[in-house]
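The structure under discussion appears below in the form of structure tokens.
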Amino acid sequence: MVRSKTDMKKHTNSSSGRAVERLTRVEVRLDSIDQTTREGFQGLGAQLQGMQECVHQIDAKMDASLHGVNDQPGIVVRLDRLEQAHERARWLTRAIAGTVITLVVGALWALIKG
């Protein structure tokens with residue numbers, strides 16, 4: 001099957017026309033993808049900035065809760081006070097128990113001796 005030069009030119013022109021058409025469609029699709037990606041990243045940046053502001057607000061509230069604000073004690077100070085009160089109550093309970101045991105032993109000794 002031998003083709004003439006004219007047939008070869010027609011075939012080449014139609015092939016290159018289809019290739020150009022396909023290439024144009026690919027470029028249009030790439031531009032669309034590029035635009036969509038840019039818009040997506042811009043939206044994502046705005047969302048991340050909003051989330052960052054929210055995290056900073058939560059951090060400020062947590063810091064205020066832990067360390068207190070305007071002469072109001074925070075959780076750290078209140079916990080320390082509770083631990084100190086518990087230690088004082090424990091010491092007092094032991095002192096009272098020691099006193100009661102001493103009185104009971106003294107009373108029993110007095111009964112035995114006496």
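Please identify the pairs in which a residue from region 67-93 that is free of Cβ contacts under 8 Å to residues at least 24 places away in the same chain has its Cβ atom under 9 Å from the Cβ atom of a residue that is β-branched (V, I, T) and surrounded by 10 or more Cβ atoms within 10 Å (Cβ to Cβ), counting only partners at least 6 apart or on another chain.
From residues that are free of Cβ contacts under 8 Å to residues at least 24 places away in the same chain, the pairs are H67/I75; H67/V76; H67/V77; G68/I75; G68/V76; G68/V77.
Here is a list: S65, S32. Which entry is surrounded by 10 or more Cβ atoms within 10 Å (Cβ to Cβ), assigned to a helix (DSSP H, G or I) and in contact with a Gly (Cβ under 8 Å, 6 or more places away or on another chain)?
After applying the criteria, what remains is S65.
The conditions are (1) at pLDDT 90 or above; (2) exposed (fewer than 10 other Cβ atoms within 10 Å of the Cβ), and G114 fails exactly one of them. Which is it?
For G114, the exception is condition (1).
Do we find that A89 is loosely packed, with under 10 Cβ neighbours inside 10 Å, over 22 Å from the mean Cα position of the chain (by Cα) and hydrophobic (A, V, I, L, M, F, W, C) in this structure?
It is false that A89 is loosely packed, with under 10 Cβ neighbours inside 10 Å, over 22 Å from the mean Cα position of the chain (by Cα) and hydrophobic (A, V, I, L, M, F, W, C).
The values are calculated or read from the model by the stated rules, or taken from the named source; none is laboratory data. Nothing here was measured: the structure is a model prediction, and the numbers come from that model. Don't worry about glycine lacking a Cβ; one is built from the backbone with ideal geometry, like all the others, and counts go over all protein chains shown.
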